[in-house]
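> Can you keep this structure in mind? I'll have questions shortly.
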Amino acid sequence: MLSVNRFGLLDWIAGAREAVTAWAVQLAAELSAMPAAMVAAATPENAIAAGRIALLVVLMLVVRRLIRDRGGALIERLADWQQRAAPGLGPLRRLVVIALVIGLHGIKVALVAAVGYAAIVLGIATGPEASAIAGRFVLAFVIAESLRLVVNAFLEPRASAARLLPVADAAARRWEAQLSRLVQVAIYGLLWVTPTLASVAPALAGLAQAIITVIVLLGVLKVIRAARRPVQQWMLGRAAHHPGSFYGPVLGPLAGIWHGLAGAFVTAYAVLIVTGPASALIFVSQASGLSLLIILAAGFIGTSLASLRRVGRYLPQRLRARLPMLAGRIDAWVPRFVGVIHWLLVAALVGSLLDIWGVVEVGDWLGTPGGQTLIHSIVALLAIGILAVSGWLIAASWIEDRLNPDTGTGEPGAREKTLLALFRNAVAIAILVLAGMVALSEVGIDIGPLLAGAGVIGLAIGFGAQKLVQDIITGVFIQLEDAIHQDDFVTAAGISGTVERLSIRSLGLRDLSGVLHVVPFSSVDTVSNYTRDFGYHLGEYGMAYRESVGDAIDALHSAYARLQAMPEIGAEVTGPLEVDGVSALADSAVLIRVRIRTTAGMQYAVGRAYNRCVKEQFDAAGIEIPYPHRTVYFGAGEQ
């Protein structure tokens, strides 16, 4: 069984008992000698010095009272300015208002402190002891009012927009008054009354320090108990409203135990004030203040970054109309960067707290080559990611603007659509490869072997996919030469049909029977496009040998005139009737060839309408259109 004394507990108890006994003996001696000391101190010089110090206290308190309510109208205007903020900018404006209000109160504190120090310099306190007491009072005033500024940052009683905690005005005024009184009792008691008393009665000063500490501790515990429920609800609300923020996962578990942690900390701090050495008290005070400052700074940065998660909705309406998909792309990428930065904030916060409390020398390690390399790599990776995403957003937005039929030069053709889609994919692959290579290089990975391996793999793929490469290269040149558009009627690889789908590797043709043919570009040697710029109806019309060629040509011109007069097809005719003359003397007909220029792709419809007009016109003119005759011969009978 382990001995209790092995850990020095009995020695510590014995030393504490001896210290308490010595302090009690000294206290009894000081109390017994106090009447005589008071009689000896009751001199006119001491009375005058005490009166001068009292005059300094009254002077500073009067000046503070006179300027305390100054700037109230400015605070109200700042609160109104914060409430008129656009959606999403409220938290940022709130922090600006809080900083301005703290600055305004800080100016007041500096003014009162300047009055006190000026009075000391001008000789309001004579003698070294009186000057020291007056100086301690001014220092205590500055520290007390500075701590009150911190309290006001959380519980500004004049305007809800100027406080961090979202509590009601009545509760803010009540808690601010209680905490301000506790701060004043603690600071003036521990930094002015106790040191002044310690110069004549150290044991009595220790008793006064313990009493003041207990009073302040009980008051702070009372305030924590009263604020337990409201602060818990606020933490739960923030955690539910901002689940993706870096403090969201912390506020939920912390909401149920924050009062216990706060009570344990102030109790330990009070015990340290009474029993601990001055060096430990100074260290804990500095570490606590720096920790609070760093936590607030991290919270401010995290809150500001969280407001950028939907930054796309703040784009100008004109830009959103021109690039409707830009806001969605930004809102898809920004939260990812915000999440990464949040994790970096958490790491920086934990490292800073460990360094401040002396657990791990994080600052010293960051000064080493390894730490500098880590910082450089993190910054470089963030910069690479931001530049890569920015380049992709710019390229994608430019392509989107070109494809938008409502902006720019209107809706692009099939060629431009295909080339833009190809360019978008090529840019995405190039950005991804370049950013990945640079990122690997920044983290210390040699990319030379990777490039060599990629070259070997690319060579192997090139040999194994020659047909695919041929398809793509041929398709690129076909698109660059603007040979095919979507909805064109073409003949490619011996197949005629309407172009329904056009990619970089193949095209889809729908023939007149409704069959869809997918034709790889590698099998396309010649492209015949029937719907480019204009078309011609080329027709040959036959007449009997006994008919007059002149009458037939006149009838063809009359049919052309009827064609132009047709409302549904006349607008598609863009040129005069070209009669080439007799093109052939066939077995049973004289053929006359004509040509009619039409709009692109309408030559077939115009040809069908013109054939109808020619048939009707030939019938009206009595011109015979020959057609094959068949004579049935039954043979002759036997004689």
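> Work out how much length Leu366 to Lys467 would gain on full extension: take 0.36 nm times their residue separation and subtract the Cα-Cα distance, in nm to one decimal.
30.8 nm
> Relative to the Cα centre, what is the charge dipole magnitude of the range 142-218, using +1 at the beta carbon of each Lys and Arg, -1 at the beta carbon of each Asp and Glu, and rounding to the nearest 20 debye?
On the way: 6 positive and 4 negative charges, 24 e Å.
Using Cβ point charges on Lys, Arg, Asp and Glu, the range 142-218 gives about 120 debye.
> Rounded to a whole number, what % of the accessible area of the range 201-276 do carbon and sulfur atoms account for, probe 1.4 Å?
Accessible surface attributable to carbon and sulfur in the range 201-276 totals 72 percent.
> If I take every Cα pair under 8 Å that is 6 or more residues apart in the range 460-530, average their sequence separation and divide by the length, what percent do I get for the relative contact order? Let's see the in-between values first.
Working: 119 pairs, mean separation 22.0, N = 71.
About 31 percent, as a whole number.
> Moving to a separate point now. What's the local net charge at Trp398, with K and R +1, D and E -1, over the other residues with C-beta under 12 Å away?
The answer is +1.
> As I understand it, the dipole of the range 535-621 uses +1 on the Cβ of Lys and Arg and -1 on the Cβ of Asp and Glu, about the Cα centre. Which of Gly575, Tyr560, Met543 lies farthest toward its positive end?
Comparing the listed Cα positions along the dipole, Gly575 ranks first.
> Kindly rank 423-429, 572-578 from highest to lowest mean number of other beta carbons found within 10 Å of each residue.
572-578, 423-429
> Give me, ordered by chain and number, the residues 5 or more places off Val360 or on other chains with an amide H under 5 Å from its own placed amide H.
Asp355
The values are calculated or read from the model by the stated rules, or taken from the named source; none is laboratory data. Keep in mind the model is a prediction, meaning the values are calculated, not measured. A quick note on method: Cβ atoms are made from the backbone with ideal geometry, for glycine too, and the neighbour counts reach across all protein chains shown. Accessible surface areas use protein heavy atoms only, side chains included; no ligands, DNA or RNA. Shrake-Rupley method; radii C 1.70, N 1.55, O 1.52, S 1.80 Å.
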